[in-house]
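Shown next, in structure tokens, is the structure this report addresses.
The values are calculated or read from the model by the stated rules, or taken from the named source; none is laboratory data. Since this is a predicted model, take the numbers as computed values, not measurements. Ideal geometry is used to build each Cβ from the backbone, glycine not excepted, and the neighbour counts take in all protein chains shown. Surface accessibility is based on the protein's heavy atoms, side chains included, excluding ligands, DNA and RNA. Shrake-Rupley method; radii C 1.70, N 1.55, O 1.52, S 1.80 Å.
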Amino acid sequence: MCDAKILYECNRFDLKSKKSIAGEKKYYLSDLGFYYATNTDNRINYGLVMENVAFVYARANNYSVSIGRIGKLECDFILRKDLDYSYLQICMTIMSSKETEDREYRPLESIKDNYPKYILTRNDPAQHRNGIIHKNMPDLMRNGELF
């Protein structure tokens, strides 16, 4: 399926040891039409859909994409372009509860370098916390912004 460009493979990367984690991969669809065609119970997990869209958007803008692991925490994406890095967390909303907000910020706050860190949500009002950039994902893509 990867050779046919239906799925994209995304490796995991351990930020503490600075090594790829063998055998632990995620796969993203090249076209979400496959997801909607096979979704027979009409329940859509918008968080996963947004994560898939962000992955394809980053790849389309020539980023190398990995999933980050920081101890037991996971950073949705580590993006690399040339010598620059950035980190992404994708979430439908962080406004539903303080626990949700903390869960999304915690992996980015535990990364101790100075590369940009982003939280992308669907339509939450932007907020600032510990230098992490909170953006509206549809606006970011509509404006052609990069990470």
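Pick from the range 65-82 the residues that are among the small types (G, A, S) and surrounded by 14 or more Cβ atoms within 10 Å (Cβ to Cβ): which of them is nearest to N143 (Cα to Cα)?
First, pick out the residues of the range 65-82 that are among the small types (G, A, S): 66, 68, 71.
Cutting the leftovers down to surrounded by 14 or more Cβ atoms within 10 Å (Cβ to Cβ) gives us 66, 68.
Values: S66: 24, G68: 26 Å.
Step by step, filter the range 65-82, then rank; the result is S66.
Could you tell me whether Y85 is open to solvent by 70 Å² or more (accessible area, probe 1.4 Å) and modelled with pLDDT of 90 or more?
Working: open to solvent by 70 Å² or more (accessible area, probe 1.4 Å): yes; modelled with pLDDT of 90 or more: yes.
Here the answer is yes, as Y85 does meet what is asked.
Among the residues of the range 117-143, which ones are within 22 Å of A60 (Cβ to Cβ) and open to solvent by 50 Å² or more (accessible area, probe 1.4 Å)? Even if it seems obvious, please write down each step before you answer.
Step one: filter the range 117-143 for residues within 22 Å of A60 (Cβ to Cβ), giving 117-122, 133, 135-143.
Across the range 117-143, the qualifying residues are R122, I133, K135, P138, D139, R142, N143.
When the range 43-52 is examined, which residues are found to be at pLDDT 80 or above and open to solvent by 50 Å² or more (accessible area, probe 1.4 Å)?
Of everything in the range 43-52, those that are at pLDDT 80 or above and open to solvent by 50 Å² or more (accessible area, probe 1.4 Å) turn out to be Y46, L48.
State the number of residues belonging to the range 5-17 that are modelled with pLDDT of 85 or more, open to solvent by 50 Å² or more (accessible area, probe 1.4 Å) and more than 12 Å from R69 (Cβ to Cβ).
Number satisfying all stated conditions: 2.
Name the single residue, out of those in the range 55-73 being of a type outside the set (K, R) and without any contact (Cβ under 8 Å) to a residue 40 or more places away in the chain, that is farthest from L32 (Cα to Cα). Lay out the reasoning, then the answer.
So the first thing to find is which residues in the range 55-73 are of a type outside the set (K, R), and the list is 55-58, 60-68, 70-71, 73.
Remaining after also requiring without any contact (Cβ under 8 Å) to a residue 40 or more places away in the chain: 60, 62, 64, 73.
Values: A60: 15, N62: 20, S64: 20, L73: 27 Å.
Among residues in the range 55-73 that are of a type outside the set (K, R) and without any contact (Cβ under 8 Å) to a residue 40 or more places away in the chain, the one farthest from L32 (Cα to Cα) is L73.
Scan the range 1-37 residue by residue and report those that are in a strand (DSSP E or B) and touching a helix residue (DSSP H, G or I) at 6+ places or on another chain (Cβ under 7 Å). Walk me through it before giving the result.
Applying the first criterion (in a strand (DSSP E or B)) to the range 1-37 yields 7-14, 19-29.
Y8, C10, Y28, L29, listed by residue number.
If the requirement is being surrounded by fewer than 18 Cβ atoms within 10 Å (Cβ to Cβ) and either under 18 Å from N11 (Cβ atoms) or touching a helix residue (DSSP H, G or I) at 6+ places or on another chain (Cβ under 9 Å) (or both), which of these qualifies: T40, T93, T100? Steps first, please.
Numbers: T40 fails: either under 18 Å from N11 (Cβ atoms) or touching a helix residue (DSSP H, G or I) at 6+ places or on another chain (Cβ under 9 Å) (or both); T100 fails: either under 18 Å from N11 (Cβ atoms) or touching a helix residue (DSSP H, G or I) at 6+ places or on another chain (Cβ under 9 Å) (or both).
Checking each option against the conditions leaves just T93.
Does the range 21-30 contain at least one residue that is over 19 Å from the mean Cα position of the chain (by Cα) and either modelled with pLDDT of 85 or more or open to solvent by 90 Å² or more (accessible area, probe 1.4 Å) (or both)?
For the range 21-30, residues over 19 Å from the mean Cα position of the chain (by Cα) and either modelled with pLDDT of 85 or more or open to solvent by 90 Å² or more (accessible area, probe 1.4 Å) (or both): present.
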